[in-house]
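Input: a single structure, listed below in structure tokens.
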Amino acid sequence: MIRLDYRDSRPIYQQVKDGLRRLVVTGVLAQGDQIPSVRQLATQLAINPNTIARAYAELEAEGFIYSVGGKGTFVAESGGESGAARRRELASQAAELIRELRALGMTQQEWTQLWEGGQADAYNEKSGQDL
Amino acid sequence: MLTTKNLVKTFEGFRALDGATMTVPQGAVYGLVGPNGAGKSTMIRHLTGVYRQDSGEVLLRGAPVWENPDAKRCIASIGDDWYYFPQASIAEMASVYAGVYPAFSRERYEKMKGVFPLNDRGMIRRMSKGMQKQAAFWLALCCMPEVLILDEPVDGLDPVMRRQVWSLLLDDVSQRGTTVLVSSHNLRELEDVCDHVGIMSRGKVLLERSLSELQDKTVKLQVVYRGEEPSLPPEINVLHRSCVGRVHTYIVRGDREAILHRMASTDPLLLEAIPLTLEEIFIYEMGGEDYAVREIVL
């Protein structure tokens, strides 16, 4: 489910956090679903249980997951504070991408196409013609 | 929980341990790293009560380990050279272990039969080095130890077995809270499994931290400036600096957010903070000890 990339510069707990977030955002894990226990994930990924416990603790503090004593950890109803914080984080990453795309000569129109879900295909086609 | 205080050991005038002080907290997975000849294996042989120190203390929960069967019953260890009786099979060694370790679990022994592709009736000395290592793991985990001490544990294991062994080990850690001390040169692997790290050099423990503390308190900055490199704000504690082309790389001690905030005032064209890997921490810390890769052309 969660894949760790050894060439990734992010620390491992961060990769676990992002991995779980992605699973929720893509709908692999639905609200209220139980996520693997620390022990299961530690065994499966062969990484230190404290690393996973740290990732879970931070996700819980962000309101992304919640734990029920004796039962396990579950995916929380999304939105709320966690959504806002995550949006800010992603927006700052996007700002950086946009800066680079603009420097590479992407126009606002092309960006709008991307935004509207025409996806990169439209952009690729065009740049393909350019070649 | 497992501590050494000012440990000194001399071999024919050579001080292999020179006042080594170390603390392995309860339930930690502690990675012991250091250059060749730093004293890691000597340290481990003291922790398991194989060597007697010249001076200093080795304590498990406050009690000395040396000649103390009560302490040793809680410690399982896989050394560099695993000892087994010359004609023994794994099953026979299991009986020996069961006689020494009161907590030895037959149930676990049977369970792990499926994990290791070994014939437990065959003679251990006929097995390959890697297979012997697997056998050592099998038996050590059956001892249900409170402390597991491993010297280069996955040396000689194939990639699948490495993962298998770490996975078993970490399952045991999360299930029973086993304290693990592991020495290795594979820092990439240690980074995954450890939560504490000790760096040894010349018979001393140079640095001892929790991994999250190490990674949160040191950052690698990559900075590009438009013109000349300006002088950095005085609050920035630079451990190491290098420059390739226009990219300046600083290793800075301190909190990531605060550093980024401060550095922004130098008006960089590009500013990136990258967490340090254990390997980098090792190299920079050892650099201060005058131990670095020398640039030699053959």
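The values are calculated or read from the model by the stated rules, or taken from the named source; none is laboratory data. Small disclaimer: the values here were computed from a predicted structure and weren't measured. In this analysis, Cβ positions are derived from the backbone assuming ideal geometry, glycine residues included, and neighbour counts consider all displayed protein chains. Ligands, DNA and RNA are stripped out before the accessible areas are found, and what is left, the full protein with its side chains, is counted by its heavy atoms. Shrake-Rupley method; radii C 1.70, N 1.55, O 1.52, S 1.80 Å.
Identify, from the list A:E100, A:E89, A:E96, A:E77, the residue that is more than 14 Å from every other protein chain (Cβ to nearest Cβ), more than 24 Å from B:T178 (Cα to Cα) and open to solvent by 40 Å² or more (accessible area, probe 1.4 Å).
Values: A:E100 fails: more than 14 Å from every other protein chain (Cβ to nearest Cβ); A:E89 fails: more than 14 Å from every other protein chain (Cβ to nearest Cβ); A:E96 fails: more than 14 Å from every other protein chain (Cβ to nearest Cβ).
A:E77 is the lone residue from the list that is more than 14 Å from every other protein chain (Cβ to nearest Cβ), more than 24 Å from B:T178 (Cα to Cα) and open to solvent by 40 Å² or more (accessible area, probe 1.4 Å).
Collect the residues in the range B:146-168 that are open to solvent by 60 Å² or more (accessible area, probe 1.4 Å) and within 8 Å of another protein chain (Cβ to nearest Cβ), keeping them in residue-number order.
B:R163
Report, by residue number, each residue of the range A:15-41 that is within 14 Å of A:F64 (Cα to Cα) and within 14 Å of chain B (Cβ to nearest Cβ).
Scanning the range A:15-41 gives A:V16, A:K17, A:D18.
Can you name the condition, by its number, that B:W82 falls short on among (1) surrounded by fewer than 16 Cβ atoms within 10 Å (Cβ to Cβ); (2) at pLDDT below 90?
(1)
Count, please, the residues in the range B:81-105 that happen to be within 18 Å of B:R126 (Cα to Cα) and either touching a residue at least 60 places away in the same chain (Cβ under 8 Å) or in a loop (DSSP other than H, G, I, E, B) (or both).
Adding up the residues that qualify gives 8.
Suppose we filter the range A:14-58 for residues that are of a type in the set (A, V, I, L, M, F, W, C), touching a helix residue (DSSP H, G or I) at 6+ places or on another chain (Cβ under 6 Å) and within 28 Å of B:I274 (Cβ to Cβ); how many remain?
Qualifying residue count for the region: 9.
With the requirement that a residue be within 14 Å of chain A (Cβ to nearest Cβ) and hydrophobic (A, V, I, L, M, F, W, C), what does the range B:25-68 give you?
To start, the set of residues in the range B:25-68 that are within 14 Å of chain A (Cβ to nearest Cβ) comprises B:25-31.
Selection gives B:A28, B:V29.
Looking at the range B:237-275, which of the residues that are of a type in the set (A, V, I, L, M) and under 30 Å from the mean Cα position of the chain (by Cα) is surrounded by the most Cβ atoms within 10 Å (Cβ to Cβ)?
Taking the candidates together, the pick is B:V252.
Determine whether the range B:238-249 contains at least one residue that is within 12 Å of chain A (Cβ to nearest Cβ) and either part of a strand (DSSP E or B) or touching an Asp or Glu at 6+ places or on another chain (Cβ under 7 Å) (or both).
If we filter the range B:238-249 for residues that are within 12 Å of chain A (Cβ to nearest Cβ), which is where we start, we get none.
Checked against the condition, which is being within 12 Å of chain A (Cβ to nearest Cβ) and either part of a strand (DSSP E or B) or touching an Asp or Glu at 6+ places or on another chain (Cβ under 7 Å) (or both), the range B:238-249 yields no hits at all.
Can you find a residue that is modelled with pLDDT of 85 or more and in contact with a helix residue (DSSP H, G or I) (Cβ under 8 Å, 6 or more places away or on another chain) anywhere in the range A:83-93?
Looking through the range A:83-93, none of the residues is modelled with pLDDT of 85 or more and in contact with a helix residue (DSSP H, G or I) (Cβ under 8 Å, 6 or more places away or on another chain).
When you scan the range A:11-47, how many residues do you find that are surrounded by 14 or more Cβ atoms within 10 Å (Cβ to Cβ), out of contact with any strand residue (DSSP E or B) (no Cβ under 7 Å at 6 or more places or on another chain) and not β-branched (V, I, T)?
17
Are there any helices (runs of 4 or more DSSP H) wholly within the range A:31-115 with 2 or more residues that are under 21 Å from the mean Cα position of the chain (by Cα), and if so which?
Fully inside the range A:31-115 and qualifying: A:38-45, A:49-61, A:80-103.
Give the range B:180-212 a look and list any residue that's touching a His at 6+ places or on another chain (Cβ under 8 Å) and hydrophobic (A, V, I, L, M, F, W, C), or say none. If you could, list the steps in order and put the result at the bottom.
Going residue by residue through the range B:180-212, those that are touching a His at 6+ places or on another chain (Cβ under 8 Å) are B:208-211.
B:L211 - this is the single residue of the range B:180-212 that is touching a His at 6+ places or on another chain (Cβ under 8 Å) and hydrophobic (A, V, I, L, M, F, W, C).
Checking B:L214 against (1) hydrophobic (A, V, I, L, M, F, W, C); (2) modelled with pLDDT of 85 or more; (3) surrounded by fewer than 22 Cβ atoms within 10 Å (Cβ to Cβ), which single condition isn't satisfied?
Result: B:L214 passes all but (2).
Residues of the range B:187-219 being part of a loop (DSSP other than H, G, I, E, B) and either away from chain A (no Cβ under 14 Å) or of a type in the set (V, I, T) (or both), which ones?
B:R202, B:G203
What are the residues in the range B:15-36 that are within 18 Å of B:E289 (Cβ to Cβ), out of contact with any Gly (no Cβ under 6 Å at 6 or more places or on another chain) and open to solvent by 20 Å² or more (accessible area, probe 1.4 Å), if any?
Passing the criteria: B:G19, B:T21, B:N36.
If you take the residues in the range B:169-186 that are touching a residue at least 12 places away in the same chain (Cβ under 8 Å) and either facing chain A (nearest Cβ under 10 Å) or touching a Ser or Thr at 6+ places or on another chain (Cβ under 8 Å) (or both), which one is most open to solvent (accessible area, probe 1.4 Å)?
Among residues in the range B:169-186 that are touching a residue at least 12 places away in the same chain (Cβ under 8 Å) and either facing chain A (nearest Cβ under 10 Å) or touching a Ser or Thr at 6+ places or on another chain (Cβ under 8 Å) (or both), the one most open to solvent (accessible area, probe 1.4 Å) is B:G177.
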